[in-house]
Every structure is written in C-alpha cells, then in structure tokens.
Amino acid sequence: MSEAAIAEKDLGNAAYKSKDFATALAHYDKAIELDPTNITFYNNKAAVYFEEKKFEECVQACEKAVEIGRETRADYKLIAKAMSRAGNAFQKQGDVEKALHWFQRSLSEFRDPELVKKVKELEKQLKEAERLAYINPQLAQEEKNKGNELFKQGDYPTAMRHYNEAVKRDPENAILYSNRAACLTKLMEFQRALEDCDTCIRKDPKFIKGYIRKGACLVAMREWSKAQRAYEDALQVDPNNEEAREGVRTCLRSNDEDPEKAKERSLADPEVQEILRDPGMRMILEQMSNDPGAVREHLKNPEIFQKLMKLRDAGVIQMR
C-alpha cells in the first residue's frame, strides 16, 4: 500500500470531518491516482458524494468500490459497506426497491444486525405501500358483484376467489367480510367464516348481517349457545329483525346441553385457557369488572377484540 496514497487519504478524512467536501474529494482522487486498488479510497469518495446529496455519483463510486473490492479480494466487510451505502443513496432518492436490492446484497457479504432490522422495516413499508396502492373500492364492488352472482349459482369456490379479491381491493369494507363469511360457511370452512364475521363486526358494529352470519355459521357447527348470543347481539342492533328472532328460537329449540356443562366445555378449550393465563388479559378483565365502560377502548385493538369475543362466546364474560 502506497504511503503517499495513505497520506492523501488521511488529509481527505480530516477535510471530510471539517465538512470541506471539495477538498476531501480532491485528496481521495489523488489517493486513488496513487493506488487505484484500494477499496477504502472509493468508499470514502462515495461518503463525500452522499453528504453532498449527489446520490447518483455516490452509487457510481460504490459500484466502483465493489468492482475493485472483488478484483483485489478485499475484506468482505468493506464490500458490504459499499453496497450498504449504495442502498442508502437509493433510499434517499425514494427508490425503496433498489435500496432493498443493495441492502440485501450487502447482507449477503456481511450480516450486520442493524442493517437486518432496517431491511425488515423497509420490506414492511414496501408491502404496506403495495397494499395501499392496490386499494380500489370501485373494483372491489365489481368483484363483490361477480362473487354474488356465482354464490347464487352455487359455485362457491369461484365466488370465493372474487370475494378474496374484493377484500384486498377494499379491506375496510365490513360488508365484504360478511359476504365472504357466507361463502366460507357454504364451503364448511367454519373457523375462517367466524374470523370474517368478527372482522365485519369490528369494522361496523351496526351492520346486522355480521351477527346473523356469525349465528348461521355457529348453528352449522351446532354451537347453539354461541349462536344464540350472536343472534341476541343482532337484536341489540335491530330488535325487530325477524331473521335474528328466528335464529334465537331455533337455538332455544335445538340446544339441549346443560348451560353449566356448556360453560365447562368452553373453559376446557386450550385457546380460552391461554387467554385467561395471559397477565395482560387478566389485567384488562379486572379493569372491565371495575369499569364496564373501559371495554370500548380495548375493542379498538383487533387482537384484544378477538380474545374478548372468544371469552364472551365461551360464557366467561358478558358484553353488550
């Protein structure tokens, strides 16, 4: 390694720390002229361009650093550093996909824990951006209509595909989850149907079909007590709804299980037991017992909502 080149690099580093980027760049160029095989000089030059917000030049310097590093079999950490900086340059330009490409290349050289976290966060952001870009309520309505026609014809698997697409296109529309739940019930995928019913209810507690379809799904599962509670919840929304009234009557006629035995059976459910063992949920239940109004705030959390619905259906708690 040329001592003169190292001296130029050191002068460049001093200028860089003083934010005299033009001088720093001149010294790094001189160092490269004296020793064009040292990856560090190119990395340092890229750092100057990055600070100057000359991101295209930064990427070019990084690419040259990687090329030189490969040719000279440089330390893999130095190659990873060049790739990571190129990723940072693309991220600053708002090109998340190219940034991720370079970050992933960097991780293939050296698995820096901080960069691993950064990549996971960027992947999450990219996925969310793609999801939001996909939302189109008009197309969702078209898909729902196609699903409804196929549902009427009894072609439930094909209807399901359209309902899935509708939900992706308009994920905040409670009605779509209700329609898909009805289709899932026909396909005898009861657990998934119940999840869609609960999502529907959470997104629009006043949409009565969410409760009625939940009741219908539970009836199909012969879960009479839980179905009755679903229909009773529907009657809280509309006391005159005949479908909900008939649902309650059907459950009362069909349910010959002792209430205590039903509760005992529900408490034996491993999922219920796990919820009751959770210290956070126990604190929430205690809070609800002291302040019934506190439940409204907790229902805003989808995970807690699902757990509370499970406990309610098991007869452990009562909610109105």
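Listed residues 271, 264, 260, 286; which is at pLDDT 80 or above, under 19 Å from residue 225 (Cα atoms) and assigned to a helix (DSSP H, G or I)?
271
Before we move on, is residue 253 assigned to a helix (DSSP H, G or I), at pLDDT 85 or above, among the basic types (Lys, Arg) and open to solvent by 100 Å² or more (accessible area, probe 1.4 Å)?
yes
Considering only the range 3-19, how many residues are of a type outside the set (Gly, Ala, Ser) and either surrounded by 14 or more Cβ atoms within 10 Å (Cβ to Cβ) or closer than 15 Å to residue 72 by Cβ (or both)?
6
Here's a check for you: in the range 135-179, which residue that is farther than 22 Å from residue 204 by Cα and not charged (D, E, K, R) is least open to solvent (accessible area, probe 1.4 Å)?
159
Report, by residue number, each residue of the range 145-179 that is free of Cβ contacts under 8 Å to residues at least 24 places away in the same chain and basic (Lys, Arg).
The answer is 146, 152, 161.
Residues of the range 105-123 being in a helix (DSSP H, G or I) and surrounded by 15 or more Cβ atoms within 10 Å (Cβ to Cβ), which ones?
105, 106, 107, 109, 115, 118, 119, 122, listed by residue number.
Hey, can you tell me all the residues within the range 117-162 that are within 24 Å of the chain's Cα centre (by Cα), under 23 Å from residue 187 (Cβ atoms) and of a type in the set (Asp, Glu)?
Of everything in the range 117-162, just one residue is within 24 Å of the chain's Cα centre (by Cα), under 23 Å from residue 187 (Cβ atoms) and of a type in the set (Asp, Glu), namely 143.
Determine which single condition residue 100 fails, assuming it passes every other condition in (1) farther than 30 Å from residue 127 by Cβ; (2) in contact (Cβ under 8 Å) with a residue 12 or more places away in the chain.
Among (1) farther than 30 Å from residue 127 by Cβ; (2) in contact (Cβ under 8 Å) with a residue 12 or more places away in the chain, residue 100 violates only (1).
Can you report the number of residues in the range 296-320 which are under 22 Å from residue 218 (Cβ atoms) and part of a helix (DSSP H, G or I)?
Total satisfying the criteria: 12.
For the range 37-58, check the following and say yes or no: at least one residue is part of a loop (DSSP other than H, G, I, E, B) and within 19 Å of residue 109 (Cα to Cα).
Yes; the residues of the range 37-58 include at least one that is part of a loop (DSSP other than H, G, I, E, B) and within 19 Å of residue 109 (Cα to Cα).
With the requirement that a residue be surrounded by fewer than 17 Cβ atoms within 10 Å (Cβ to Cβ) and assigned to a helix (DSSP H, G or I), what does the range 26-36 give you?
Correct list: 26, 29, 33.
Can you tell which of 94, 87 is part of a loop (DSSP other than H, G, I, E, B) and either free of Cβ contacts under 8 Å to residues at least 24 places away in the same chain or open to solvent by less than 40 Å² (accessible area, probe 1.4 Å) (or both)?
Just a single option satisfies the conditions, and that option is 94.
If I filter the range 190-208 for residues that are among the small types (Gly, Ala, Ser), in a helix (DSSP H, G or I) and open to solvent by 20 Å² or more (accessible area, probe 1.4 Å), do I get at least one hit?
Looking for residues that are among the small types (Gly, Ala, Ser), in a helix (DSSP H, G or I) and open to solvent by 20 Å² or more (accessible area, probe 1.4 Å), one finds none in the range 190-208, hence no.
The values are calculated or read from the model by the stated rules, or taken from the named source; none is laboratory data. Just so you know, these numbers come straight off a predicted model, no measurement behind them. All Cβ positions, even for glycine, are placed from backbone atoms using ideal geometry, and neighbour counts span all protein chains on display. Just the protein is used for accessible areas: all its heavy atoms, side chains included, with ligands, DNA and RNA removed. Shrake-Rupley method; radii C 1.70, N 1.55, O 1.52, S 1.80 Å.
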